[in-house]
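Asker: First the structure, which I've put down as C-alpha cells, then a few questions once you've had a look.
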Amino acid sequence: MFRDKAIGVELPNFVNLRVIKTDPWLRGDTSKADFKPATLETGYELRVPPFIEEGELITIDTRTGEFSKRVKE
C-alpha cells in the first residue's frame, strides 16, 4: 500500500478451489485425452485429470494456473 492505494498484490503459491462443472469419466475409457476441462467456483477454467469429479476440492498452482492435486476433506 502507498498512500492508501494498493500498488502490488502477492498471491499464495497454491489455493484450494471446488470443481463445479466437469464431464463424467467412465473407468477404462481410453479414447479421450489424459485431461478434461473443468470449471471452478471462481469461474476459472482449466484441465484436470479424468478422475476429478464435480464437487471435489482441488489445489491449483497460482504461478502456472494448473491443477496440482486433489484435496482430501
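Asker: Just one of Leu40, Leu11, Leu17 is modelled with pLDDT of 95 or more and out of contact with any Asp or Glu (no Cβ under 9 Å at 6 or more places or on another chain); which is it?
Answerer: Exactly one of Leu40, Leu11, Leu17 is modelled with pLDDT of 95 or more and out of contact with any Asp or Glu (no Cβ under 9 Å at 6 or more places or on another chain), namely Leu40.
Asker: Can you give me the ranges of the strands (runs of 3 or more DSSP E) entirely in region 31-73 with at least 1 residues that are among the aliphatic types (A, V, I, L, M) and out of contact with any Leu (no Cβ under 8 Å at 6 or more places or on another chain)?
Answerer: 45-48
Asker: Another question, then. Could you list, in sequence order, the residues of region 58-73 that are surrounded by 15 or more Cβ atoms within 10 Å (Cβ to Cβ) and more than 22 Å from Glu10 (Cα to Cα)?
Answerer: Once the filter is applied, which keeps residues that are surrounded by 15 or more Cβ atoms within 10 Å (Cβ to Cβ) and more than 22 Å from Glu10 (Cα to Cα), region 58-73 yields only Arg70.
The values are calculated or read from the model by the stated rules, or taken from the named source; none is laboratory data. For clarity, every value in this text was computed on a predicted model and none was experimentally measured. Cβ sites come from the backbone with ideal geometry, for glycine too, and all protein chains shown count toward neighbours.
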